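The structure appears right after this line, and notes come after that.
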Amino acid sequence: MEIVDFIGDVIGIDWYENTSLEITTDDEKIECFKGDYIVKDHKGKIKVHEVNEFETTYREVENYD
């Protein structure tokens, strides 16, 4: 349910054999696999990254206090 809350306008969600997830929204079908990262950009566009792709593209944000 955390993924559904994060993505937002989910119409349907299917979990296949505990390995892949297909999420249907008004705009697209999103397929991801266990361990993938789901990223939402500032315009609300969803993109799925495999672990190695995510870790080379993004870095942890330091505290900005």
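Below, the figures for the structure above:
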{"item": "Selection count, the stretch 52-65, where residues are exposed (fewer than 11 other Cβ atoms within 10 Å of the Cβ) and among the hydrophobic types (A, V, I, L, M, F, W, C)", "result": "1"}
{"item": "Residue list for the stretch 22-41, filter: more than 17 Å from Phe54 (Cα to Cα), surrounded by 13 or more Cβ atoms within 10 Å (Cβ to Cβ) and touching an Asp or Glu at 6+ places or on another chain (Cβ under 7 Å)", "result": "Glu22, Thr25"}
{"item": "Selected residue (criterion: surrounded by the most Cβ atoms within 10 Å (Cβ to Cβ)) from residues of the stretch 1-21 that are in a strand (DSSP E or B) and out of contact with any helix residue (DSSP H, G or I) (no Cβ under 9 Å at 6 or more places or on another chain)", "result": "Ser20"}
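Laboratory data are not the source of any read-out in this text; all were calculated from the coordinates shown. Given the structure is predicted, the values throughout are model-derived calculations rather than measurements. With ideal geometry, Cβ positions are generated from the backbone for all residues, glycine too; neighbour counts draw on all protein chains shown.
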